[in-house]
1. Taking amide hydrogens as modeled 1.01 Å from N in the peptide plane, which residues meet the under 5 Å criterion relative to A:SER94, leaving out close sequence neighbours?
2. Starting from 0 in steps of 5 Å, tell me what percent of the Cα-Cα pairs of segment B:7-51 lands in each bin.
3. Here are some pairs, A:LYS204/A:LYS254; A:LYS254/B:LYS84; A:LYS254/B:LYS115; A:LYS78/A:LYS254; A:LYS140/A:LYS254; A:LYS140/B:LYS115; which of them have Cα atoms lying more than 31 Å apart in this structure?
4. Once you place label points 7 Å from the Cα toward the Cβ at A:ALA155 and B:SER167, how far apart are they in nm?
5. At 1.306 mPa s and 10 °C, plugging the Kirkwood radius over alpha-carbon pairs of chain A into Stokes-Einstein gives what diffusion coefficient in µm²/s?
6. Taking the alpha-carbon set of segment A:53-129, what are its Rg and Dmax in Å?
7. About the Cα centre of segment B:1-156, how large is the charge dipole given +1 on each Lys and Arg Cβ and -1 on each Asp and Glu Cβ? Please answer in debye to the nearest 20.
8. Projected onto the charge dipole of segment A:38-96 (+1 at Lys/Arg Cβ, -1 at Asp/Glu Cβ, origin at the Cα centre), which of A:VAL77, A:ILE66, A:GLN93 gives the Cα projection farthest towards the positive end?
Amino acid sequence: MTITTPIRPLPASPPPAPAPKRRRGVSSGDGLRTLFSETEIGRGKGRVLYWVVLTLVFLLFLTVFIFPLYWMFSSAVKTPEEYAQPDPTFFPQSFVPETYQLAWDRMRIAKFFGNTALYAFGGWLIQLVFQVAVAYALSKLRPIFGRVVLGAMLASLMLPATALLIPAYLTVTDVPIFGWNLLNTPWALWLPAVANAFNIYVLKRFFDQIPNDLLDSAALDGAGRFRVLWSIVLPLSRPVLGVVSIFSIVAIWKDFIWPLLVLQDPETQTLSVALSRLASTSQVPPTQLMAGLAIASVPMIVVFLIFQRSIIGGLAAGSMKG
Amino acid sequence: MAVATAGRPTALRSRLSRKIQDNLMAYAFMAGGIACFALFSWYPLVRGVILSFQQINFVTDPYWVGTDNFTAIFEDPLFVTAWKNTLVFTGIALVFGFAVPLVLSILINEMRHLKGFFRVAVYLPVMLPPIVGVLLFRYFYDPGFGLFNTVLRGVGLPESQWTQSSSTAMISLVLVSTWANLGGATLMYLAALQSIPGELYEAAELDGASAWRRLRHVTVPQLRFIMLVLLLLQIIATMQVFIEPYQLTGTSNPDTVTVMVLIYRYAFTVNQDFGMAAAMSVLLFVVLAIFSAIYLRVTRDRD
C-alpha cells in the first residue's frame, strides 16, 4: 500500500551528505531560489503573508500528522470511563499509566513485541548475509550468466507482491525439493525476505564503485575472496549497509498481509497481526488497545528520528533519478 | 604439435582453472540468494498461473479443471463489485493522494522556517505500522464517541456514520490510506522541487510573470515527469488495497470488498478455494502488469 518502494530499482547513490546547517531567518541567502524570491517574502505585505501562511501550515501539520499520535499516546492513560465519554477530552483528566503495563502483560504485547523483534532482526541478518553475498559475487567475481541472474532477480521487482500471495503461501506450506512446512515459523518471513532484488541492486551498484585495483592488491597479498569481502568491501560499504539495514527492518516491522497469512498461530504472530486480531474481539479494553498501538509505533518513531537523514535522503535520492 | 605449444597450454590451463574456480566461488556465494528467489519469487509466479487452472484440496494432488476457476469467479456477483470498488478506491485515492502531496510539497518548499519539522511530520505516518493508522482512525470514525463526529458537532455540521454507512465507507477508507501514505510522495515531490534551477524562476520574474504564472509555467512543467511516475506508482499501490477494508469494514461487506479482499476471502475464509483465488490473482496481475509496463516505458525513455 505504500508508494515508497519504486518497482524499478533506482540507481543507488550514497545518501547525500547532510546539507550545511542554514542560518535561520527569512533572508538566509542560501541561494536556493524557489517560486517566491527572498525580496517578495522578506518585505512588507509579503512578509506578513508569509508568516500567516507559515503559521497556518504549521498548525495544519500539527493537527493532521502529529495530533493523531498525541491522541494515541494520551488516550492510553485515560480511564476507560473517560475514554468512552461522548465528548473526548483533549488533555487526559485521569492518569493511569499502568494501562501500558497492563497491555504489555495482559494483552501479552510483550510476547508479540518479542516475536516481531525476532522476525525483524533475524530477517535483517539473514537478508544482509545472502544479499551481500549475491551482490559481491555479481559485482566483483563476475561469473558467467551473472547478468542473466541479475536480470531474473530484477524482473521480480515488476511483480506486485500481492499477485504472488496465494502461490507463495502454498509454497511456504510445502517448500519444493526440501519438503519443509514453514507455516508459523520465522523462516516463513525470513526466506522470502531474502528475495528482495531492490536491496541486491543497491548493494551491487555500491560495490561496483569500489575500485578493483584495491581488491587486486589485497589478492596479491594472499587474501582470499572471502577475506577481501570481509576486510575491504564491507568496511567501505558502511553507508549503503546502513540504508539497506534500515529499510529491511522497517519493512518487516510494518508488513501486514504476509505475516497475517503465514503466522496464523497466535503464539507466533507479529505485533501488527496480533493487534488486528485483538481489535476484532471485544474483550480488550480500548485503552489497552491504544497502549498496544503506541507500543507498536515507538520503535518505528525512534528509528525514524535517529535515521531520518538516511531515510529521507534515500527516498529523495531515489526519486531524483527516476 | 605437442612440442610447439608446450608452454602455452599450461598458461591457458591455469587461467582456465582460475576462471572455473572464480565461477564456482561466485555461484557458491550466490547459491542461498538464488535459492530464495527461485523458491519464493520465480516458482510462485509459474505456480500461480498453473494453479489458476487447477483445483487443490490438500489431500490428493492438484488436478486440472480447465477454466472452471475463471468461470466460477466471473459468475460470482462479488466479482464485479470487487473490481468496481477497487476502481472507486483508486479513483478517490488519486483525487486526494495525487493533489495533496503536490500542494503540501510546494508549500513546504516555500517555507523558510521549520522545513525539517514539516518533512519529518509528513513522513511520520508512513513509518508507523499500517495497522496503527487504521485502528487509530477506527476510533476517530466511531459514530458515537469518535473524534471526527465530535469535531463535526462542534462546528455545527451534520454527523457522519463514516465506515458504517455504505455512502461514506469508501471515502473513509481512502482518508486513512491517504493519511498513512502521502508522506512518500510529498518527499519525492519536494526533492524534485529542490532540483528546479533557480534561474528559471528569476528569468520568469524578470519577464514579469506573477507567482501564479511562475507556478503554472515553471514549477508544474518541471515536475511533469515525477508527477507521471508517482501517478503510476500510486495506481499500482492503491489497486492492491487490503488492510483498510480488511480491518475497518470487514471482508464480507459488499460496499468495500476489493479485489485483494476477495482473493483473501476465496483462499482463507468463505470458500477455501485456492484455485479461484489464484485465478483472481492472475487477473489482478495482468491489470497491474499493464501499469507496470507503462511505468517501465516512461522511466526508460527518461534514461
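Readers should treat all values here as calculations from the given coordinates under stated rules, not as data from a laboratory. Being a predicted model, the structure only gives us computed values, none of them experimental. Don't worry about glycine lacking a Cβ; one is built from the backbone with ideal geometry, like all the others, and counts go over all protein chains shown.
1. Under 5 Å from the amide H of A:SER94 lie the amide H atoms of A:THR79, each far enough along the sequence or on another chain.
2. 6, 20, 12, 13, 10, 10, 9, 7, 6, 4, 2, 1
3. Details: A:LYS204/A:LYS254 25 Å; A:LYS254/B:LYS84 28 Å; A:LYS254/B:LYS115 26 Å; A:LYS78/A:LYS254 27 Å; A:LYS140/A:LYS254 33 Å; A:LYS140/B:LYS115 41 Å.
The answer is A:LYS140/A:LYS254; A:LYS140/B:LYS115.
4. 5.1
5. On the way: Rh = 23.5 Å.
So the translational diffusion coefficient is about 68 µm²/s.
6. Final numbers for Rg and Dmax: 18.1, 53 Å.
7. Values: 12 positive and 7 negative charges, 222 e Å.
Dipole of segment B:1-156, to the nearest 20 debye: 1060 debye.
8. It is A:ILE66, whose Cα lies furthest towards the positive end.
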